[in-house]
1. Starting from the 7 Å offset along Cα-to-Cβ, what nm value, one decimal, do you get for the label separation of Lys2 and Glu307?
2. Please say if the chain is rounded, prolate or oblate, where rounded means a/c under 1.5 for a ≥ b ≥ c the square roots of the C-alpha gyration tensor eigenvalues, and otherwise the choice is prolate for a/b larger than b/c and oblate otherwise?
3. With contacts defined as alpha carbon pairs under 8 Å and 6 or more residues apart, what's the relative contact order of the chain in percent?
4. How would you classify segment 189-323 from its alpha-carbon gyration tensor, with a ≥ b ≥ c the square roots of the eigenvalues: rounded for a/c under 1.5, else prolate if a/b is greater than b/c, otherwise oblate?
5. Between Glu17 and Thr99, 0.36 nm times their residue separation minus their Cα-Cα distance comes to what?
6. Got the relative contact order for segment 189-323 handy, in percent, Cα pairs under 8 Å and 6 or more residues apart?
7. Between Arg171 and Arg142, what is 0.36 nm times their sequence separation minus the Cα-Cα distance? Round to one decimal in nm.
8. Work out how much length Thr215 to Asn319 would gain on full extension: take 0.36 nm times their residue separation and subtract the Cα-Cα distance, in nm to one decimal.
Amino acid sequence: MKKSDVVKALLSECACEPGARGRAFAPANIALCKYWGKRDEELNLPITSSLSMSLGAWGATTEIAPRDGADRVWLNGGEQRPDSSFAARVSAYLDLFRTDHGFDVRTESRVPIAAGLASSASGFAALVLALNELYGWGLERRALSILARLGSGSACRSVHDGFVEWHAGSRADGMDSFAEPLARTWPELRLGILEVSAAEKAIGSRAGMKSTVATGALYASWPEKVADDLLEVHAALETHDFERLGRAAESNALSMHATMLSAWPPVLYWLPDSVKAMHAVWAARERGAPVYFTMDAGPNLKLLFLESDRSIMEKEFPNMRIVEPNEREDA
Ligand code: DP6
């Protein structure tokens, strides 16, 4: 099954003539239970379900308009060369929808690109939401989530705010693999970004994931670990048990990285400063600060803590940038 078959199925009753312009915002998201491994690489269908928290006003705003000729793509005000990885990915995705024209695409991202801070998730989600406006598709969130997944798996979670679960699904066409928001809220929860490096990573998550599934000796244990952690995160969100949430999220992230380390060649996103930061979190916890971390396919740490501990956290981690997941910015 090809991406274009999925698009055809979802858009069979929609207009295919674009309007003048579409514009939308989508938040970045951080997974508390990670997505790592695909059962279908073409459609970005995951082996396991995953669960994330959207990052409020931290995300991407994308504006899109049709134009004659080739695509032109801007990122944070700078035009991207058509052969850059960013523009090439955007154009390849737009091929799924265009007839015989190009697009102007302008993205403003508040998230460092490619540093493991889920920038592609908010980027593709914002692009899909902007296309929905441009074409007047009037699609529901479930279909938008599926379309975003075709751009990047984790993007399917960024079409929602709050806590979001991406159901792995089992169908070959992926129509049951989409994200849904959870009814739970936790206004006190905060995320702190401890940036170790903003440099582009040497191995992208797509390649790292593929190699882990193909060669990771520990990968076989991952689906069971995710199933356990999903139950834990759900229970913690239900009862607002912060320690339970933090433990599940930190353990899930470290287990994901363990599967990567068991691949050959090994996949390691950590830098020496990442490990230093982990020790700093563990030391702070020893001193009584309720703080846990999660990490994605990059060297940076994302700290989980509660608003009531903000001043302790600011003292422990003066360089941390705090994200308030409930603060929303509308395009
Ligand atoms: C470690 O969604 O970027 O951030 O589907 O190949 O585009 P593709 O991968 P991507 O992978 C994200 C992996 C992760 C974990 C997560 O966000 O769940």
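1. 5.0
2. Numbers: a/c = 1.66, a/b = 1.52, b/c = 1.09.
Prolate is the answer for the chain, as a/c is 1.5 or above and a/b outweighs b/c.
3. 22
4. The shape class here is oblate.
5. Working: separation 82, 0.36 × 82 = 29.52 nm, distance 0.83 nm.
Taking Glu17 through Thr99 to full extension adds about 28.7 nm, to one decimal.
6. Values: 176 pairs, mean separation 54.4, N = 135.
That works out to 40 percent.
7. On the way: separation 29, 0.36 × 29 = 10.44 nm, distance 1.51 nm.
Once the chain is fully extended between Arg171 and Arg142, it gains 8.9 nm.
8. On the way: separation 104, 0.36 × 104 = 37.44 nm, distance 3.69 nm.
Contour length minus the Cα-Cα distance gives 33.8 nm.
Every number in this text was worked out from the coordinates using simple rules, so none of it is lab data. Just so it is clear, the model here is predicted, and its values are computed rather than measured. A quick note on method: Cβ atoms are made from the backbone with ideal geometry, for glycine too, and the neighbour counts reach across all protein chains shown.
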